[in-house]
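Q: Quick one: the structure is below, questions incoming.
The values are calculated or read from the model by the stated rules, or taken from the named source; none is laboratory data. Because the structure is predicted, anything quoted here is derived from the model rather than measured. Every residue, glycine among them, receives a Cβ derived from its backbone with ideal geometry; neighbour counts consider all protein chains shown.
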Amino acid sequence: MAKKTLEIAYEIFNSPEELSPSDRALYDEAIAAMTRSYAPYSQFNVGSAVRLSDGRVFQAGNQENSAYPSGLCAERVALFAAHNDLRGAQISDLAVAGGRVHQTALGEDAGKAAPGTLLLADEAVCSCGACAQVLLEFEEPQHPVNILFIGKNSILKLQGAASLLPFAFQK
Ligand code: THU
């Protein structure tokens with residue numbers, strides 16, 4: 001019997017102004033992607049931006065469905081779209097933001113914010129295990145993906161999908 005301990009390194013930023021210009025650009029793309037979210041059931045709007053090594057960025061929002069399990073997380077919508085159009089590039093960055101896009105000035109949103117206002121969740125929104133599994137399979141082993149998880153009070157930055165899912169499924 002042996003015991004092992006895993007350590008996962010990540011950085012915490014308290015404001016987008018602390019990010020590098022490249023990370024800041026992806027931060028903006030992930031937040032903008034929240035407007036692509038279709039989340040009438042959870043009312044939780046997630047935006048994801050995947051950047052390829054050739055500079056192209058794929059934005060996606062979570063896509064829900066009245067048959068609940070048919071929906072898909074923002075990350076997988078973006079990852080599958082990017083992987084479907086790789087053209088020899090590789091996935092270099094993934095950013096995720098979540099919260100609420102105020103759709104209307106009426107109903108429960110009345111008076112809270114103007115329609116279209118993006119309200120980030122307080123803490124960083126992190127990817128679920130299924131999205132981490134998909135990211136891991138698309139990641140080139142020699143090029144760990146740069147990952148940003150975005151919230152209002154904190155931004156987490158990690159390198160490589162194995163940091164998210166150290167015990168990933170592998171055949
Ligand atoms: N969601 C994502 O888009 N990404 C994740 O990593 C976890 C959860 C979505 C799924 C659902 O539409 C909403 O968040 C609420 O669970």
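Q: Among (1) free of Cβ contacts under 8 Å to residues at least 24 places away in the same chain; (2) not in a loop (DSSP other than H, G, I, E, B), which single condition is Phe167 missing?
A: Checking Phe167 against (1) free of Cβ contacts under 8 Å to residues at least 24 places away in the same chain; (2) not in a loop (DSSP other than H, G, I, E, B), the one that fails is (2).
Q: Hey, among the residues in the stretch 69-98 that are part of a loop (DSSP other than H, G, I, E, B) and out of contact with any Cys (no Cβ under 8 Å at 6 or more places or on another chain), which one's nearest to Leu158 (Cα to Cα)?
A: Gln90
Q: Looking at (1) touching a Gly at 6+ places or on another chain (Cβ under 9 Å); (2) free of Cβ contacts under 8 Å to residues at least 40 places away in the same chain, which is the only condition Ile31 fails?
A: Unmet for Ile31, out of (1) touching a Gly at 6+ places or on another chain (Cβ under 9 Å); (2) free of Cβ contacts under 8 Å to residues at least 40 places away in the same chain: (2).
Q: List, please: which pairs have Cβ atoms under 6 Å, are six or more places apart or on different chains, and start with a residue in the stretch 124-151 that is in a loop (DSSP other than H, G, I, E, B) and end with one that is acidic (Asp, Glu) and within 13 Å of the ligand (Cβ to nearest atom)?
A: Ser127/Glu75
Q: Here's something else I'd like to know. Over 18 Å from Ala124 (Cα atoms) and assigned to a helix (DSSP H, G or I): which single residue out of Ser22, Ser66 fits that description?
A: From the options Ser22, Ser66, the qualifying one is Ser22.
Q: Mind listing whichever residues of the stretch 123-141 are out of contact with any strand residue (DSSP E or B) (no Cβ under 8 Å at 6 or more places or on another chain) and modelled with pLDDT of 95 or more?
A: Hits for the stretch 123-141 are Glu123, Cys128, Gly129, Ala130, Cys131, Ala132, Gln133, Val134, Leu136, Glu137.
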